[in-house]
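The values are calculated or read from the model by the stated rules, or taken from the named source; none is laboratory data. In this text the structure is predicted, and so the values were computed from the model without any measurement. Neighbour counts run over all protein chains shown; Cβ positions are idealised from the backbone, glycine included. Surface areas here come from the heavy atoms of the whole protein model, side chains and all, with no ligands, DNA or RNA. Shrake-Rupley method; radii C 1.70, N 1.55, O 1.52, S 1.80 Å.
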Amino acid sequence: MGISSESLFLPVCRLCTMWKLPSFLARTLTSGTNGLPLLPDMAEGHLPIHVNNVRSRLREIVGASTNWRVHSEGKVRSSAAALRGARIGLVKTEHRDHVQAMQERKALHTLLAKRQEDLPPRRMKDSYLEVILPLGSQPQIREKYLNVYNSVRFGRILEDLDSLGVLICYTHTKQEAQPRSPLSIVTALVDKINLRKKVVHPDCDIKFTGNVSWVGKTSMEVKMHMLQLHDGDYCPVLDATFVMVARDPENKRPAFVNPLIPESPEEEEIFKQGEMNKLKRIDFSTASLLKMAPTAEERNIVHDIFLNTLDTRTVSFRSRVLPPNSVWMEDAKLKGLQICHPQERNIFNRIFGGFLMRKAFELGWATACSCGGSRPFIVSVDDIMFQRPVEVGSLLLLSGQVCYTEKNYIQVRVHSEVYDADTREHHTTNIFHFTFISENEVPRVVPKTYGESMLYLDGKRHFAATMKEI
């Protein structure tokens, strides 16, 4: 059964009362859309961080470079094959370049723990952070976040969430005696981002909060929340769950992280939910249509679509007719290309994951807009797997595809891959899944081939999981 656009965002007004004032926020923290209990005293003693300082803090923690350098003969000193085409000027010698910074990080190997048991346990509140995006009180920063509809660009929010998630994990693993962390912490998965509001205002302050909610041996789950100030109240805008992994200083092998100790029944419940999320991801991956055949119900769906598109005037399996108010799947896609410049690198000199998410979202939005014929609003982001890093200098190819539609909803899949000009090979880096809601009812997307039918079923699965979550 479908869900109306009005019912999707009903919880917002009721939830505003939970976030009455910053002083109340200091005593309570919602744990997401799963109905988990509130955590007391999470924010006690924590001062908010300005959003512009998050990336600079990360650079300090890992000793990241401030400059990107090229040899005089024109070849970059690391990842030369991927960067051969980059044309970047020489930098001043008094600044540390990216090659020197990476050489210095190699010496941090001796600081890695041999066993997780050797690391001191942490509490959830030890990693709690608040970040302020002062769109209302500092109008000069609005330009970066403004879209053509005079609301906040969601792609920029994805970038801020990605940076905050990494900083939260470094806060969890911080060793007081070590000025620099030996860990390379990167985003492995965006498990879920659920939005509670259709529009984010560009002239009201935004607050991000988050903490580590579950820990494995080398991985950490981070829950983050975004709120916006309205008439003195901080109202929830979105809830996000990211999974981060820790690796050695050269980002080559897994590294142990501090265990997490829940301190209350509420925290026990949140930790248990993190474990359940891990098991659900394993089950979802095991049942992937790339590994397993569709269920009997899904096979019937595909066959019904096939029968409904046959041309009754012929007896041919090849003759197909598009039903009314429908669009062939092959006509519901867009493509894009990005050259990955050094300005978009992360603290480990690969392309920043938040940048990849922003570009994928914007292509996904354009694909949904093209298909639906009206402005789409993001409802949910889920199951973004970072399969391999993207090197500076890469050609990044993005393909957006509408996989499934239902009433006003549009499910979009964006596939990203890098192209190696030397080998002429393509390598998948990410798969993104976005759920949009359109202002008007959208055409039904119809697959023709077996491959498109699998994309259709995969989109239907993701849409069903999103609706269940909401």
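Considering only residues that are open to solvent by 70 Å² or more (accessible area, probe 1.4 Å) and in a helix (DSSP H, G or I), look in the stretch 143-159 and name the one that is farthest from residue 256 (Cα to Cα).
143
Mind checking which residues of the stretch 117-142 are farther than 30 Å from residue 259 by Cα and surrounded by fewer than 20 Cβ atoms within 10 Å (Cβ to Cβ)?
Hits for the stretch 117-142 are 134, 136, 137, 138, 139, 140, 141, 142.
I'd like to know if the stretch 369-381 contains one or more residues that are of a type outside the set (A, V, I, L, M), within 19 Å of residue 440 (Cβ to Cβ), in a loop (DSSP other than H, G, I, E, B) and in contact with an Asp or Glu (Cβ under 6 Å, 6 or more places away or on another chain).
yes
Looking at the stretch 127-152 only, could you name the residues that are without any contact (Cβ under 8 Å) to a residue 60 or more places away in the chain and touching a helix residue (DSSP H, G or I) at 6+ places or on another chain (Cβ under 7 Å)?
Correct list: 144, 145, 152.
Condition check ((1) at pLDDT 95 or above; (2) surrounded by fewer than 22 Cβ atoms within 10 Å (Cβ to Cβ); (3) in contact with a Pro (Cβ under 6 Å, 6 or more places away or on another chain); (4) within 29 Å of residue 469 (Cβ to Cβ)) across all residues:
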residue	(1), (2), (3), (4)
374	no, yes, no, yes
388	no, yes, no, yes
395	no, yes, no, no
403	yes, no, no, yes
422	no, yes, no, no
427	no, yes, no, no
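Quick one: which of 371, 340 is under 23 Å from residue 463 (Cβ atoms) and among the hydrophobic types (A, V, I, L, M, F, W, C)?
371
With 345, 358, 388 as the choices, which residue is over 16 Å from the mean Cα position of the chain (by Cα) and charged (D, E, K, R)?
Being over 16 Å from the mean Cα position of the chain (by Cα) and charged (D, E, K, R) holds for just one of 345, 358, 388, which is 345.
So which strands (runs of 3 or more DSSP E) are wholly in the stretch 181-288 and hold at least 1 residues that are under 24 Å from residue 60 (Cβ atoms) and touching an Asp or Glu at 6+ places or on another chain (Cβ under 7 Å)?
Filter on the stretch 181-288 gives 184-195, 206-215, 233-247.
One line per residue, one yes/no per condition, for (1) within 21 Å of residue 125 (Cβ to Cβ); (2) open to solvent by less than 30 Å² (accessible area, probe 1.4 Å); (3) without any contact (Cβ under 8 Å) to a residue 12 or more places away in the chain:
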| position | (1), (2), (3) |
| --- | --- |
| 225 | yes, yes, no |
| 232 | no, no, no |
| 243 | yes, yes, no |
| 256 | no, no, no |
| 260 | yes, yes, no |
| 265 | yes, no, no |
| 269 | yes, no, no |
| 273 | yes, yes, no |
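So if I check each of 321, 315, which one is open to solvent by 50 Å² or more (accessible area, probe 1.4 Å), touching an Asp or Glu at 6+ places or on another chain (Cβ under 6 Å) and over 23 Å from residue 412 (Cβ atoms)?
321
Residues are listed down the side, and each one gets a yes or a no for (1) within 28 Å of residue 293 (Cβ to Cβ); (2) of a type in the set (D, E, K, R):
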| position | (1), (2) |
| --- | --- |
| 372 | no, no |
| 376 | no, no |
| 384 | yes, no |
| 411 | yes, no |
| 439 | no, yes |
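Hey, any hits in the stretch 405-414 for a residue that's surrounded by fewer than 23 Cβ atoms within 10 Å (Cβ to Cβ), under 20 Å from residue 198 (Cα atoms) and among the aliphatic types (A, V, I, L, M)?
There is no residue in the stretch 405-414 that is surrounded by fewer than 23 Cβ atoms within 10 Å (Cβ to Cβ), under 20 Å from residue 198 (Cα atoms) and among the aliphatic types (A, V, I, L, M).
Rundown of residues vs (1) in a loop (DSSP other than H, G, I, E, B); (2) out of contact with any strand residue (DSSP E or B) (no Cβ under 6 Å at 6 or more places or on another chain); (3) in contact (Cβ under 8 Å) with a residue 60 or more places away in the chain, yes/no style:
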site	(1), (2), (3)
426	no, no, no
434	no, no, yes
454	no, yes, yes
458	no, yes, yes
464	no, yes, no
467	no, yes, yes
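Among the residues in the stretch 351-359, are any in contact (Cβ under 8 Å) with a residue 40 or more places away in the chain, of a type outside the set (Ser, Thr, Tyr), open to solvent by less than 20 Å² (accessible area, probe 1.4 Å) and at positive phi?
For the stretch 351-359, residues in contact (Cβ under 8 Å) with a residue 40 or more places away in the chain, of a type outside the set (Ser, Thr, Tyr), open to solvent by less than 20 Å² (accessible area, probe 1.4 Å) and at positive phi: absent.
Of the residues 190, 199, only one is open to solvent by 30 Å² or more (accessible area, probe 1.4 Å) and more than 23 Å from residue 48 (Cα to Cα); which?
When all the criteria are applied, what remains is 199.
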